[in-house]
1. Starting from 0.36 nm per residue, how many nanometres of slack lie between V15 and E103 once their C-alpha separation is accounted for?
2. Using amide H atoms built 1.01 Å from N in the peptide plane, name the residues 5+ places from L20, or on other chains, whose amide H lies under 5 Å from its own.
3. Could you work out the helix-only [θ] at 222 nm for the chain, with each DSSP H run of four or more residues adding -39,500 (n - 2.57) and the total divided by the number of residues, to the nearest 500 deg cm²/dmol?
4. Pairs of lysines 8 or more apart, or on different chains, with alpha carbons under 26 Å: count those in the chain, would you?
5. What is the helix-to-structure angle for 99-115, meaning the angle in degrees between its Cα long axis and the longest Cα principal axis of the chain, kept from 0 to 90 and rounded to the nearest 10?
6. Given the chain, what percent of its DSSP beta bridges are antiparallel, to the nearest 5?
7. In whole percent, and with a 1.4 Å probe on the protein chains, what portion of the accessible area of the chain is carbon and sulfur?
8. Using a Förster distance of 30 Å, how high is the FRET efficiency between D128 and R64, based on the Cβ-Cβ distance and rounded to 0.05?
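The values are calculated or read from the model by the stated rules, or taken from the named source; none is laboratory data. Quick caveat: nothing in here was measured; it's all calculated off a predicted structure. Cβ placement follows ideal geometry from the backbone for every residue including glycine, while neighbour counts extend to all protein chains displayed. Side chains included, ligands, DNA and RNA excluded: accessible areas come from the protein's heavy atoms. Shrake-Rupley method; radii C 1.70, N 1.55, O 1.52, S 1.80 Å.
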Amino acid sequence: MRALVQRVSEAAVRVDGETLGEIGPGLLILVCAMQGDDESKPRLLAEKLSKLRIFKDEAGKMNRALKDTGGSALVVSQFTLAADTSRGNRPGFSTAAPPGEGERLYEMFAAEIDALGIVTARGRFGADMKVSLVNDGPVTIWVEV
């Protein structure tokens, strides 16, 4: 699984004008299941992200994790993270998991984050979503498991 993680002061996801999820301080997690990912990947990714020390401590250093801050997570599926741009000008997405498998692993990942005691909001798999955020830092990190 791949994730693009952004430390945010706030974030929201909307579909057709309806707000599906919104958070205050925490992480916006754009996530993509890849071909060959198995059921161990959502848990591994959730554990890694919950412990990723990218929040400031009292000295202003990135030394605290989401679990330490009491922050929330907004989890949004994004198959375009599988983009292959090595040839031509049109990205290919053949390395993404098939839609049914991608949705299953996405839902498992969101459930794993929630099970870790992190307040979790979600987008809608496969929907045309509008994501808004205030990137804090900015801090944006690519993570693969």
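1. On the way: separation 88, 0.36 × 88 = 31.68 nm, distance 1.70 nm.
The span from V15 to E103 would gain 30.0 nm if fully extended.
2. For L20, the qualifying residues are V13, R14, V15.
3. Working: 3 runs with 33 residues, N = 145.
It lands at -7000 deg cm²/dmol.
4. Values: K41/K51; K41/K67; K48/K56; K48/K61; K48/K67; K51/K61; K51/K67; K56/K67.
Going through the chain pair by pair, I get 8.
5. Result, in degrees: 10.
6. Working: 28 of 37 bridges.
Here the share of antiparallel DSSP bridges comes out near 75 percent.
7. Numbers: 3710 of 7820 Å².
Result for the chain: 47 percent of the exposed heavy-atom area is carbon or sulfur.
8. Values: r = 35 Å, r/R0 = 1.16.
Between D128 and R64 the formula returns 0.30.
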